[in-house]
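I have placed the structure first, in the form of structure tokens, so that the comments after it can refer back to it.
The values are calculated or read from the model by the stated rules, or taken from the named source; none is laboratory data. Worth saying up front: this structure is predicted, and the values here are computed from it rather than measured. FYI the Cβ positions are ideal-geometry reconstructions off the backbone, even for glycines, and counts take in every protein chain you see. We work out accessible area using only protein heavy atoms, side chains counted, and drop any ligands, DNA or RNA first. Shrake-Rupley method; radii C 1.70, N 1.55, O 1.52, S 1.80 Å.
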Amino acid sequence: MRLWALFIGGNNMSKIHIRQISKKLQEEIAPFLKDSAKDKESQILSKCLAAFGIKLATGCSNKAAALSVTDGADDNGIDAVYYSEDTKKLVVCQAKWVQDGKSEPSSGDVGKFMKGVRDLVNLEKSNFSDKFDEKWDSINKALDSFGVEYELVTIYTGAPSLGVHSVGCINETLEMLNDPEPLFHSVVLNLGEVYNALAKDVHDLPIKLQMTLTNWGKNEAPHMAYYGLISGGELANFFKDYGPRLFARNIRSLLGSTVVNEEIAQTLKKSPEYFYYFNNGITITADTVKKSGAGGTKRDIGLFEVNAASIVNGAQTVSTIGKYAEEFGLSSLDSVSVPVRIISLEHSEEDFGNSVTRANNTQNRIEGRDFVVHDKEQIRLVTELKVEGYTYNVKRSILFKANDKSFDLIEACIALACLHQDVGLAVQVKREIGRFWADLNKAPYKSIFNPTTTALMVVNAVIVLRTISEVLVYKEFQRKGEHCGIIAHGNRMIQTLVFNALGRSRVANCHTGLDDMLGEIPNLVDEQINKLELIISRDYKNAFLGSLFKNQSKCELIYNECVGNIQPVVDTVDNGTDDLFAFAEKK
């Protein structure tokens, strides 16, 4: 989220604004804070400010924002953290209450915040206080999910800008975290922006759009709605003028680079005249919609005034069109038309707008993986596995439950990618598994699903993958938060290395003796973790592990060194290997 606001200077004015901000924060957020009874007023205000930063970034309630606060001893520079599953955004916040309204957070404070962010994403849990214990589940969920946006918020009641050293520290951290893909960004909110946002929440700022629809029509009951085609250029101008504010009521904001966004961009580039046929269009809600008299009752063209407009479905379409125009110019969109619905909330029941938003974002859509069901290799594997007594679920279904005799396409894909011994496939699984179904006629899909892929290979790969995963869970629990980042972020790398150690052919063709093979896995997991720890501590000590294990070139270097029999430093601490052998034997 970006806020457009003017800093209101002047020492006297600053004092007035500090007092007004203090009053509003204590009224709206302080009542929901936990464990603050013994805090000084400045500590309470700092916590409130952190919560407000979370609210601005996610649109959550005051109570949810207050419960996100972690400020206190051993907070590692992080004052609040919140993961919104609806918007797929993880927000980490540092707040500084500046009573005089003039100064700024020190470079030391900002540096501590950036270190805390690095420790958080690397899951260095031992560096955080007990207040974070209840946060780790949601943090892990965010780090394990595709398409999550990470926002680092620095919010303070002081000078218009941070010092040059603080800015440099933030930029250096972002450069590291955004290798190989730009997932992280920073937002800095000063006194003026806090004041303006409190005076009128950015979500409440109405947007009035003047738009032209061609081939338009309308539905008058039970609620007024208009539909038609809008030009790509007009949408690009809306995005240029209003940015993310266009999507204030949407359950998702901008998702960055995704398969869907890239497909939209490819259509704009290669087949702009077909955009109408290939795109689902956008849905807009508005407090009121008025058609001008221009054009009369003719339906070929109509001019509309849309008040308090919000795009509740189609954010990725509009943002991609806007960014495409920024790069290639408005003229590149001359032949682009987009289907649009405009739903008026005037005279509607109170929750109707929320219902429209929810319904438009939860109805199932066709994904690339849905076409896999028709692939001849999948049809063959389903039949062969059924004969062997296994259920292989290729179709998406909320009713499917995995068990000892059943698994789905996703699990099979991960297992085969790790078995393949091409670390690039394992990296792709980690980064974005949807790439595998982008084109069913070529790699990476054909690399793992082809005529040489047998039912026995798939079953054995899944069983081995599950066993490795269970051992990794055990190892993470055993370490109690210390250096868990390698296990959490490097799980696919570790699995690929263990498959390599077992031998691809051995796993793929094992008819008997699978239990003996599974018994080898605990020791092999230990060996691979030790190798990775050695290499990372030597060559990637300050790397963001979440990005490192999604970087194909670096992962290839690491993988090649690991399989080259690098001798790791021996871990003299009891690692529970004997217990793990017992665990494996039980399988």
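The magnitude of the dipole of region 369-563, with charges of +1 and -1 set on the Cβ of Lys/Arg and Asp/Glu and taken from the Cα centre, is near 540 debye. Summary value for the chain: 12 percent relative contact order, contacts being C-alpha pairs under 8 angstrom separated by 6+ residues. Close amide H pairs (under 5 Å, H built 1.01 Å from N) link Phe400 with no residue at least 5 positions away or on another chain.
Per-residue SASA remark: Asp439, around 60 Å² accessible (1.4 Å probe; ligands, DNA and RNA not included). For region 11-199, the relative contact order works out to 22 percent when only alpha carbon pairs closer than 8 Å and six or more residues apart are counted. Remark: region 284-291, residue by residue, has Karplus-estimated 3J(HN,Hα) of 10, 9, 8, 5, 9, 10, 10, 9 Hz, where x stands for each Gly or Pro and the curve is 6.51 cos²θ - 1.76 cosθ + 1.60 at θ = phi - 60°. By a straight-distance test (C-alpha under 15 Å), which aspartates and glutamates pair with Lys24 as possible cross-link partners, with residues fewer than eight away in the same chain excluded? Partners found: Glu41, Glu193, Asp201. The fraction of accessible area contributed by carbon and sulfur in region 11-199 is 47 percent, rounded to a whole number (1.4 Å probe; ligands and nucleic acids excluded). Ordering Phe436, Leu465, Ser537 by Cα displacement along the dipole of region 369-563 toward the positive end leaves Phe436 in first place; charges were set at the Cβ atoms of Lys, Arg (+1) and Asp, Glu (-1). Pairs from the list Lys270/Lys323; Lys23/Lys135; Lys240/Lys298 with a Cα-Cα gap above 21 Å: Lys23/Lys135; Lys240/Lys298.
Heavy atoms of the protein chains alone define the surface here; on that basis the chain has 47 Å² accessible area per residue at 1.4 Å probe size. Looking at the chain alone, DSSP beta bridges between its own residues are antiparallel in about 60 percent of cases. Rounded, prolate or oblate, given the Cα gyration tensor of region 61-150, with a/c below 1.5 counting as rounded? It is prolate, given that a/c is not under 1.5 and a/b is the larger ratio. A cut-off under 14 angstrom between Cβ atoms defines the neighbours of Lys405, and their net charge, with Lys, Arg +1 and Asp, Glu -1, is -1. Within the shell of other residues whose beta carbon sits under 10 angstrom from the beta carbon of Gln94, the net charge comes to -2, with Lys and Arg scored +1 and Asp and Glu -1. Across region 207-363, Cα pairs under 8 Å and at least six residues apart give a relative contact order of 38 percent. Nearest 0.05, what FRET efficiency do His223 and Glu305 give at R0 = 22 Å with Cβ-Cβ as r? In this case the efficiency is close to 0.80. Could you work out the local net charge near Phe278, counting Lys and Arg as +1, Asp and Glu as -1, over the other residues with Cβ closer than 12 Å to its Cβ? Around Phe278, the charge tally is -1. About its Cα centre, the chain has a charge dipole of approximately 1300 debye under the convention of +1 per Lys or Arg Cβ and -1 per Asp or Glu Cβ, with nothing else charged. Applying a threshold of 26 Å to the alpha-carbon distances of Lys55/Lys218; Lys430/Lys531; Lys89/Lys401; Lys89/Lys531; Lys115/Lys141; Lys38/Lys63 flags Lys55/Lys218; Lys89/Lys401; Lys89/Lys531 as lying beyond it. Determine the shape class of region 427-565: with a ≥ b ≥ c the square roots of the Cα gyration tensor eigenvalues, call it rounded for a/c under 1.5, and otherwise prolate if a/b is greater than b/c, oblate otherwise. Oblate is the answer for region 427-565, as a/c is 1.5 or above yet b/c matches or exceeds a/b.
Taking a ≥ b ≥ c as the square roots of the eigenvalues of the Cα gyration tensor, an a/c ratio of 1.5 or more together with a/b no larger than b/c marks the chain as oblate. Taking region 260-294 and a reference point 7 angstrom along Cα→Cβ of Phe328, the backbone N atoms nearer than 17 Å belong to 260-279. Our note on the geometry: Cα centres of region 157-175 and region 413-450, 40 Å apart. Ranking Lys554, Lys270, Lys47, Lys323 by solvent-accessible area of protein heavy atoms (1.4 Å probe, all protein chains present), from largest to smallest, gives Lys270, Lys323, Lys554, Lys47.
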